[in-house]
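J.: Provided herewith is a single structure, encoded as structure tokens, for subsequent inquiry.
The values are calculated or read from the model by the stated rules, or taken from the named source; none is laboratory data. If you're wondering where the values come from, they're calculated on a predicted model, not measured in any experiment. As a convention, Cβ positions derive from the backbone with ideal geometry for all residues, glycine included, and neighbour counts pool all protein chains shown. When the accessible area is computed, the model is the full protein with side chains, heavy atoms only, and any ligands, DNA or RNA have been set aside. Shrake-Rupley method; radii C 1.70, N 1.55, O 1.52, S 1.80 Å.
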Amino acid sequence: MNSVFQPAEVRTLRSGLHVLEARVDDFDVRSVVVRGADAVLVWDALAHPAQLAPATPLLRGRGVILAYSHADWDHVLGAGALGNVREVLAHRLCSERFVEEVPKDLKGRLGADPTRWQDAYVIPPTRSFDDELVVDLGGVTVQLSHLPGHTPDCAVAWIPEWGALLAGDTVE
């Protein structure tokens, strides 16, 4: 994998809830892994697969679901590190950005710096929602809700059992 991007640092907030933090140029990016008894939800995929690689041990033994908070490059281009993903969730407007905008952005990055971006690729959403989507991971519920903020396609994720809100760039 491309060594230009350093692997994220993993912080465990509680059993089953892990934050991955990485640096891209002059800002930080974050992803969250939520482990239930039956499945694991990865909230955002960081900017590059090399950054998301430390999540691999947290995914073992569970079906993996990926959810995008929105379609900006620093939240989606690391998805290739996840391997076989059961489902990719996003708000409808986010899904629409994957038709042309996200692939065009990656193509531009590859053209400008092929060595830096050679391992990144686009994994589009397989299921979208308009207002809300509830995902049962087995003992842990994740409620995805459309909440425009940084971009019109932003969503947040609420985990009621733990009182945790995953805000992506909606709160910036």
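J.: What does the charge dipole of the stretch 51-172 about its Cα centre add up to, to the nearest 20 debye, if the Cβ of each Lys and Arg holds +1 and the Cβ of each Asp and Glu holds -1?
T.: 500 debye
J.: Taking the alpha-carbon centroid of each part, what is the distance from the stretch 51-99 to the stretch 101-130 in angstrom?
T.: So the separation of the two Cα centres works out to 12 Å.
J.: Quick check on packing: order 34-41, 83-90, 12-19 by the mean number of other C-beta atoms within 10 Å, highest mean leading.
T.: The densest-packed peptide leads the list: 34-41, 83-90, 12-19.
J.: Set the Förster radius R0 to 35 Å, insert the Cβ-Cβ distance between Leu13 and Lys104 as r into 1/(1 + (r/R0)^6), and round the FRET efficiency to 0.05.
T.: The formula returns an efficiency of 0.50 here.
J.: Taking chymotrypsin sites (Phe, Trp or Tyr not before Pro) as candidate sites, keep only those in a DSSP loop with at most 16 other Cβ atoms within 10 Å, then name the longest stretch of the chain containing none of them. List each step's numbers first, then the result.
T.: Details: sites that count: Tyr121, Trp162.
Looking at the chain, 1-120 is the longest stretch - no exposed chymotrypsin sites (Phe, Trp or Tyr not before Pro) with at most 16 other Cβ atoms within 10 Å.
J.: Rounded to the nearest 500, what is the chain's calculated 222 nm mean residue ellipticity when only DSSP H runs of at least 4 contribute -39500 (n - 2.57) each, over all residues? The partial results should precede the final answer.
T.: Values: 6 runs with 34 residues, N = 172.
Taking each H run of at least 4 residues, the total per residue is -4500 deg cm²/dmol.
J.: Can you send over the solvent-accessible area of Arg62, 1.4 Å probe, protein chains only, in Å² to the nearest 10?
T.: Approximately 80 Å² of Arg62 is accessible to the 1.4 Å probe.
J.: When the label point is put 7 Å from the Cα of Asp113 along its Cα-to-beta-carbon vector, which residues of the stretch 38-60 have a backbone N closer than 19 Å?
T.: Under 19 Å, as judged by backbone N against the label point of Asp113, lie 45-53 of the stretch 38-60.
J.: At what distance in nm do the modelled label points of Glu87 and Phe27 sit from each other, each positioned 7 Å from its Cα along Cα→Cβ?
T.: Taking the two extended label points, one gets 3.0 nm.
J.: I'd like the accessible area for Asp119: 1.4 Å probe, protein heavy atoms, all chains in place, Å² to the nearest 10.
T.: 50 Å²
J.: Report the accessible area of Thr126, computed with a 1.4 Å probe over the heavy atoms of all protein chains in place, in Å² rounded to the nearest 10.
T.: It works out to around 100 Å².
J.: Enter the angle in degrees (range 0 to 90, nearest 10) between the Cα long axis of helix 101-112 and the first principal axis of the Cα atoms of the chain, meaning the one along which they spread out most.
T.: 40 degrees
J.: Note down the nm distance, to one decimal, between modelled labels 7 Å out along Cα→Cβ at Val134 and at Arg60.
T.: Here the answer is 3.3 nm between the modelled labels.
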